[in-house]
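Note sheet for the following structure.
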2 protein chains.
Amino acid sequence: MANTAKFDRREVLESATRLFWQKGYHGTSTRDIQQATNLKPGSIYAAFGSKSGLFNEVLHFYAESMADQLAQILSEHHRVTDGLRAFLRHVILEGGDDAPSELCLLAKSLSELEEGEAELLSETRKLLAATEQRFQQALSQAVANAELPANTDTALAARQLQIQLIGLRSYLRATGNRGAVEELIARQFFS
Amino acid sequence: MANTAKFDRREVLESATRLFWQKGYHGTSTRDIQQATNLKPGSIYAAFGSKSGLFNEVLHFYAESMADQLAQILSEHHRVTDGLRAFLRHVILEGGDDAPSELCLLAKSLSELEEGEAELLSETRKLLAATEQRFQQALSQAVANAELPANTDTALAARQLQIQLIGLRSYLRATGNRGAVEELIARQFFS
DNA sequence: AAAGGTGTTGAACGACTGCTCAAAATTGGG
DNA sequence: CCCAATTTTGAGCAGTCGTTCAACACCTTT
């Protein structure tokens, strides 16, 4: 039972995520990944099975990281609505220094995947639904804290949040207008 | 000066638009286009120069068609705000029978194009900005008609409209939840 | 009917794609 | 310290990509 020190799976996932996030699923070649990870095709295929298998893990890796960041930021704010606004600002405006794309990797994948890649597409949809679910939980907490009216439709508000998040990120990519985006984030939960 | 009956440029653009809209710029091969148009590579390259040249024309063709539809629908409604809502409904929910994608071709292109395709990317941004401009003109008309308060920030409202349009289309692609989308469209201009 | 320009054709090019697999290198257990 | 299981290696396969171009078909003019 030899046990050659295998490469660090997490590091590979981080590199691959950056690549896919920047160039998209189709736009990233397996050779791009080989170069970024200093791995040869055999090793990658032994570990992930295929390009789509790797991408599937990248999708989960990304979604989990987003969920962690949301939990982290919520824990740092006393008021849930403040935390949610801070999360929007964080995701949309910060990280922008070296973030691979202004867009959400899930939204980007939702856009480029076709019915031919049915499994990846349905996985993307599942992960987006889970995000919406987390938003709704946070909003329910806000209602419980009396930050929002007791009759608030949290499911509807979570949908709106998700739609705003994707829309705002697209708008930032389209225009680069950070000021406008900041103003629109500040207006959340005031209507 | 011979004048062999050339192929119908508009028909080719329509086929190519459907293809690019459905499969994306990278996901559509020149052979896909050859098959859909019954044209051989030479003809396409003589007419459009390159794949990116063709895509550039497709982008303009699509944007012009959207602008025409907006003008058409606005002309059919007495109140501008009703017309804008009807346009949202039309673009997001109708046409869905055989529309190539739930998403906006411009938003989809904005998502998949990289800095490597700088010209196509900046053209996409320009066309999106023109759309926002048209929204703002319509909203100014609504203010003039006293449908909206005189102090309405039409530039801000146009941005919000654009963001909602892109976000809602993404949401529909993510969930297929037409009912939720319809409710959210109905709420436009009531906040 | 001959001439000559215009448009069409499709085989083919070099580069790139995702992926495979026999061989070599690496390591811990005996 | 060598054996055997595991991991790494990288040349290479079969297919696809965007694109080119010499040969051909066609129509208008003379």
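The values are calculated or read from the model by the stated rules, or taken from the named source; none is laboratory data. From a predicted model like this one, the values you see are computed outputs, not experimental measurements. Glycine also receives a Cβ, built like all others from the backbone with ideal geometry; neighbour counts cover every protein chain displayed.
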Does B:GLN22 fit the bill of being away from DNA strand C (no atom under 16 Å from the Cβ), of a type in the set (S, T, N, Q), farther than 23 Å from A:GLU112 by Cβ and under 16 Å from the mean Cα position of the chain (by Cα)? no
Among the residues of the stretch A:67-76, is any farther than 21 Å from B:LYS23 by Cβ and within 16 Å of DNA strand D (Cβ to nearest atom)? no
What's the number of the condition B:GLN188 fails, among (1) under 28 Å from B:PHE61 (Cβ atoms); (2) modelled with pLDDT of 95 or more; (3) surrounded by 15 or more Cβ atoms within 10 Å (Cβ to Cβ)? (2)
List the helices (runs of 4 or more DSSP H) inside the stretch A:103-191, counting only whole elements, that have at least 2 residues being in contact with a Gly (Cβ under 7 Å, 6 or more places away or on another chain), at the interface with chain B (Cβ under 9 Å from one of its Cβ atoms) and not charged (D, E, K, R). A:154-175
I'd like the full set of residues that are within 17 Å of the chain's Cα centre (by Cα) and of a type outside the set (A, V, I, L, M), limited to the stretch A:161-191. A:GLN162, A:GLN164, A:GLY167, A:ARG169, A:SER170, A:TYR171, A:ARG173
Anything in the stretch B:86-119 that is more than 16 Å from B:ARG178 (Cα to Cα) and aliphatic (A, V, I, L, M)? List them, or say none. B:LEU105, B:LEU106, B:ALA107, B:LEU110, B:LEU113, B:ALA118
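Being at pLDDT below 95 and more than 14 Å from chain A (Cβ to nearest Cβ) narrows it down to one residue among B:ASP68, B:ASP82, B:ASP98; which is it? Quick ask: steps written out before the conclusion?
On the way: B:ASP68 fails: at pLDDT below 95; B:ASP82 fails: at pLDDT below 95.
Among B:ASP68, B:ASP82, B:ASP98, only B:ASP98 is at pLDDT below 95 and more than 14 Å from chain A (Cβ to nearest Cβ).
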Which listed residue is on the phi > 0 side of the Ramachandran plot and either surrounded by 14 or more Cβ atoms within 10 Å (Cβ to Cβ) or of a type in the set (Phe, Trp, Tyr) (or both), from B:GLY49, B:GLY24: B:GLY24
Restricting attention to the stretch A:68-85, the residues that are more than 18 Å from A:GLY179 (Cβ to Cβ) and in contact (Cβ under 8 Å) with a residue 12 or more places away in the chain number exactly 9
